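What follows is calculated from the coordinates using simple rules that are stated; it is not laboratory data. Keep in mind that this is a model prediction, so the values were computed, not measured. Cβ: placed from backbone, ideal geometry, glycine included. Neighbour counts: every protein chain shown.
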Amino acid sequence: DANGLIVESHDQAFAVKIGGRLHTDYGVIKQASSSRETDARIRNARLGMQGHVHNDWQYKLEFDFAGNQTNATDLFIGYSGFDAVNITLGRHKMPSGLEALTGIGNIGLMERSLPSNLFSAGRQNGLSLTGGGQSWSWATAGWLGESRANYQDSRYGIGSRLSYAPYSRDQQHLHLGISSYYQNYRNTHSDAGRQYRDLTFSSRPEISIASADLFQSRLESVRSSQTYGLEAAYIRGPWSMQSEWFQQQINSAGQHRQQQGWTIAGNYMLTGESRGYQASTGRIGGIRPAQALNEGGYGAFELVVRYSDAHLQGQHNGIRSDNKAELWTVGLNWYATQSVRFMANYNHVDLNQTAQTKQQAKALQIRGQLVF
Amino acid sequence: DANGLIVESHDQAFAVKIGGRLHTDYGVIKQASSSRETDARIRNARLGMQGHVHNDWQYKLEFDFAGNQTNATDLFIGYSGFDAVNITLGRHKMPSGLEALTGIGNIGLMERSLPSNLFSAGRQNGLSLTGGGQSWSWATAGWLGESRANYQDSRYGIGSRLSYAPYSRDQQHLHLGISSYYQNYRNTHSDAGRQYRDLTFSSRPEISIASADLFQSRLESVRSSQTYGLEAAYIRGPWSMQSEWFQQQINSAGQHRQQQGWTIAGNYMLTGESRGYQASTGRIGGIRPAQALNEGGYGAFELVVRYSDAHLQGQHNGIRSDNKAELWTVGLNWYATQSVRFMANYNHVDLNQTAQTKQQAKALQIRGQLVF
Amino acid sequence: DANGLIVESHDQAFAVKIGGRLHTDYGVIKQASSSRETDARIRNARLGMQGHVHNDWQYKLEFDFAGNQTNATDLFIGYSGFDAVNITLGRHKMPSGLEALTGIGNIGLMERSLPSNLFSAGRQNGLSLTGGGQSWSWATAGWLGESRANYQDSRYGIGSRLSYAPYSRDQQHLHLGISSYYQNYRNTHSDAGRQYRDLTFSSRPEISIASADLFQSRLESVRSSQTYGLEAAYIRGPWSMQSEWFQQQINSAGQHRQQQGWTIAGNYMLTGESRGYQASTGRIGGIRPAQALNEGGYGAFELVVRYSDAHLQGQHNGIRSDNKAELWTVGLNWYATQSVRFMANYNHVDLNQTAQTKQQAKALQIRGQLVF
């Protein structure tokens, strides 16, 4: 995220930026009934190329190779030749939620909130239209489910997001947003007579090194879902806070279910920097240390605290279940430079799942992060 | 495919070009007995580096990460220091067929023809020698099967191709070509007592979003095969046509089988551009829009129609089978700029496989394509 | 490894080098009781980016995609802003052994020695501190086992290495080194009640195209291990020799085991070049041809011979086993230029494993190698 690593043609009609990011995590976790364990995890190991050709055509191809697996993040073609609207085609982030649209390097804690992971549309393969003015933004998108199953087994989906900033001036911003998307799951794939309508909701509960299935809920015979999200954020000098609320209505065979979650977080820059915000896209930015380590300073320090709450309704083999999670996280970040950040997170998670006894998970983790 | 994205040393002895390509497909398909379905597919998501070191030594490393899988396309070292012959070592395209040697970005339809996919030698790991003059080209190659099974389970193979252009001048080219290769499959791998002599021929029938095994044929106890190919192409201003014919003789235990396929396609540039051709390599090139969208024009438009026919002879558990496919495709392409193309294809496929009832597949697909 | 492929910011505070390497191998092997077989293998197909941000922060992200698999090699963040010590965090080579720390492009034979592969700590995910003076180097590191199993199933480990060069001047170097590391394997992962304490030691016996499990040993219920290594190398003009010795003490439930291996190799540059060596890091370098092919010469030629010996002690289902290997390799290398090398290796391996009859493996292999 620094200039100088971009290769441009002489007339600037073509440009390509090669970049990457590395998140390497270490921690100790005490989860459920097992004993305390140490673990390491390469959380993100991304390489990508982005740029433009013939002036107005953008592209981005980025892959995450963490865990020795290949996972596409962004694979899209964009066109910015119109004044009123930008067009994006391919795999990219759908307009849904606030934290989900914040770059992973700009999240104040090591993981996005559990509600954001569970209820945001995330990345899908489709077409989106975006635009905005000085104090507001809009986006609408449609997508098709890909052959390869993701956990949502979508047949198709459509969604929109609207954001408005009542005021947004130097170091002081108020952000309000609303988003909604519809997803249809019916009969996504019927290979071999099997109908992929059963959904599994699963997420590491805000702990990078936790088991992937620590919090899990299954729902049978789902036909469609409608998800609503509300967002608010407030930035004032070194202080910032943000909150999201989601509600998801599930339409399964002959019945209706309702799931929800919400989260609130507060950040404070001990060294006085203020978080970025762009009203014309409704997106939160990052921190630029006032005195980076390489400029004779000691970098920037940030304190973060977050509370999250999620409630999933399961049904498996005809038996209904309630699955609830309450999560507290406190974090301390050191931005050595704009590109290098070290994070420490303490997590306290209470899980109350019908099929299991109450569980607690506690973790202390550190992360080294570099972006180039 | 634009200059400016190349990094060179001052004396030009070293150069590296970083590049990629993205094909993102969306469509609706009605195949066999299942109902109409929509689908999306990242067809190609390639990143690669190619260049030269110490003047005469070329290299290319390119991978396709579509579908979150890793598939090497080209991995080769080349030497061009001799006048009469170029040498290539590693994984690269063997000299076989016309469309198989045409870059995927220069194919007029979304998929190569079924005969080209089934009968061309494709990419193998070996050594090839190539050369040519002003109106002709030759290539000969040998390869060894790799440890990892591909569908051909080759032990080794050798092949050659010869092309001749009776005339080739501005916007008018006639191309004739012949190729042949021998492949030996005997006892390729005998790990755990199993003898990998059984072959499965399988290909999506020219439809990107179709099931991978929609057209399939199995052959038992194959020892070797000899494949012959004839090619012709004619380009005259905005018109072009090309045709390929393949015959494959299979030598299995005590018996001989013969498989074949052919294809013919016609292209017309509505906006008047003419397709490229290089007689010294016998390869067909792409389209450069006369008035690209970024230069005040509306880009280039192209109409394509293709017919293909393939006949495979199977034998499984001692039972012989005949597997035939007849395929029609019509396509409309819009070249927004030289790097950005949108395609629409309508496919009509008739499959007549012994083991199954007659099947039809119809599909309407669109593709966004960007090359950098 | 040539300048000119680096993209730098104007003030040189940022730089990124994109690079890669390709090793493509072909050979014939006669192993154990199976008949002679030919095989091809892409041994290494690496793409990576390395560089620095804000002057003092280094990074490297490199992946090997050979065999259509994704394997991270280096994924680290480094800091070099202190005089006395360099810090590295993430996945990188731990300080252990001599050949293990030599770049794969600088190894004189196609594969590292069997003892080096079996007993070196290799790459791990952790933190290392390194430093040194004009004639010596030190390094110490600690690491945590990653969630994804590697063959060592480490819970955590710590290790150190010390090297000293009694003299090191132009084309004449004497290197001595010692290293040791401790690894704890207890209860690394207890998912689903299974305790991952059983270890499998496995390595291709210095033959690139051999089966991966040709030499194998299993040990049950291992709690920890302590490994010691001694190294020596001598370079004098075109001659060089190097030797390593390892001893590994295994602490398994109630018992102690001891495994060991050693290796010695001699190299001679027929064209007179001398191998590089850096005393301040204790690492052996490569060959720069005096008269590269592109400079009117014929490149450089090198003869190598190596002997290796390894002795592993297994225990499986309560039955003890002794697994021994004796390996001879002779090699001839042609360095066409500094970036392009062709290698030929002849291997003769004697395996004496308790569970199996005595086995011999012989192989003749060639490799094309290009580094950029």
The Rg/Rh figure for chain C, Cα atoms and Kirkwood Rh, to two decimals is 0.96
In this structure, among A:LYS60/C:LYS93; A:LYS17/B:LYS17; B:LYS17/C:LYS60; B:LYS93/C:LYS362, pairs with alpha-carbon gaps over 22 Å are A:LYS60/C:LYS93; B:LYS93/C:LYS362
Dividing the helical contributions, -39500 (n - 2.57) per DSSP H run of n ≥ 4, by the residues of chain C yields a 222 nm value, nearest 500 deg cm²/dmol, of -500 deg cm²/dmol
Log10 I(q)/I(0) at q = 0.17, 0.18, 0.27, 0.28 Å⁻¹ for the range A:301-372, from Debye over equal alpha-carbon scatterers, is -0.72, -0.76, -1.13, -1.17
Expressed in angstrom and ordered largest first, the alpha-carbon extents of the range C:163-319 along the principal axes are 65, 37, 27
Computed for the range B:208-335: size of charge dipole around the Cα centre, +1 on C-beta of each Lys and Arg, -1 on C-beta of each Asp and Glu, debye to nearest 20, value 260
Restricting to lysines and to Cα separations under 25 Å from B:LYS358, and discarding same-chain partners fewer than 8 apart, the set is B:LYS30, B:LYS324
Label points for A:TYR346 built 7 Å along Cα→Cβ; distances to same position in the other copies, nm, shortest first, come to 6.7, 6.7
Most exposed to least, judged by fewest other Cβ atoms within 10 Å, C:SER274, B:SER80 sort to B:SER80, C:SER274
Quick shape check on the range C:236-333: root eigenvalues a ≥ b ≥ c of the Cα gyration tensor, a/c under 1.5 is rounded, otherwise prolate if a/b tops b/c, else oblate, and it reads prolate
Footprinting proxy, A:HIS10, C:HIS54, A:HIS23: sorted fewest to most Cβ within 10 Å, the residues are A:HIS10, C:HIS54, A:HIS23
For chain C, averaging the sequence separation of alpha carbon pairs under 8 Å that lie six or more residues apart and dividing by its residue count, the contact order in percent is 15
Out of C:LYS17, C:LYS30, C:LYS358, a Gaussian network model of chain C with alpha-carbon springs under 10 Å gives the largest mean-square fluctuation to C:LYS358
Inter-copy distances for B:ILE366, nm, shortest first, label points 7 Å along Cα→Cβ, are 5.2, 5.2
Under a Gaussian network model of chain C whose springs join Cα atoms within less than 10 Å, the largest fluctuation of C:PHE215, C:PHE63, C:PHE14 belongs to C:PHE14
At the level of C-alpha centres, the distance separating the range B:318-355 and the range A:52-82, in angstrom, is 28
Measuring from its Cα centre, the protein assembly as shown shows a charge dipole (+1 at each Lys and Arg Cβ, -1 at each Asp and Glu Cβ) which, in debye to the nearest 20, is 1960
The correct pairing of chain C residue and whole-Å distance, for the Cβ nearest the axis that maps C onto B, is C:THR70, 3
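Obtain the radius of gyration and the Kirkwood radius of the range B:1-125 from its C-alpha atoms and give Rg over Rh.
1.05
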For A:LEU176, inter-copy label-point distances (7 Å, Cα→Cβ), nm, shortest first, read 7.7, 7.7
Output row, site B:VAL330, 7 Å Cα→C-beta label point, backbone N cut-off 13 Å, window the range B:252-275, residues none
Relative contact order as a percentage, the range C:54-153, C-alpha pairs under 8 Å and 6+ apart, gives 21
Shape descriptor, the range C:289-328: equivalent ellipsoid semi-axes (Cα gyration tensor, sqrt 5λ, whole Å, largest first) stand at 47, 10, 5
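Please rank A:ILE42, A:ILE319, fewest neighbouring Cβ atoms within 10 Å first, as an exposure proxy.
Fewest to most other Cβ atoms nearby, the residues stand as A:ILE319, A:ILE42.
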Quick shape summary for the range C:34-106, equivalent ellipsoid via Cα gyration tensor, semi-axes whole Å in descending order, reads 32, 15, 9
In debye to the nearest 20, the charge dipole size for chain C, taken about the Cα centre with +1 at each Lys and Arg Cβ and -1 at each Asp and Glu Cβ, equals 660
Checked the range C:78-167 against the a/c 1.5 cut and the a/b vs b/c comparison, axes a ≥ b ≥ c from its Cα gyration tensor; verdict oblate
Classified through the alpha carbon gyration tensor (a ≥ b ≥ c as square roots of its eigenvalues; rounded if a/c is under 1.5, else prolate when a/b is larger than b/c, else oblate), the protein assembly as shown comes out rounded
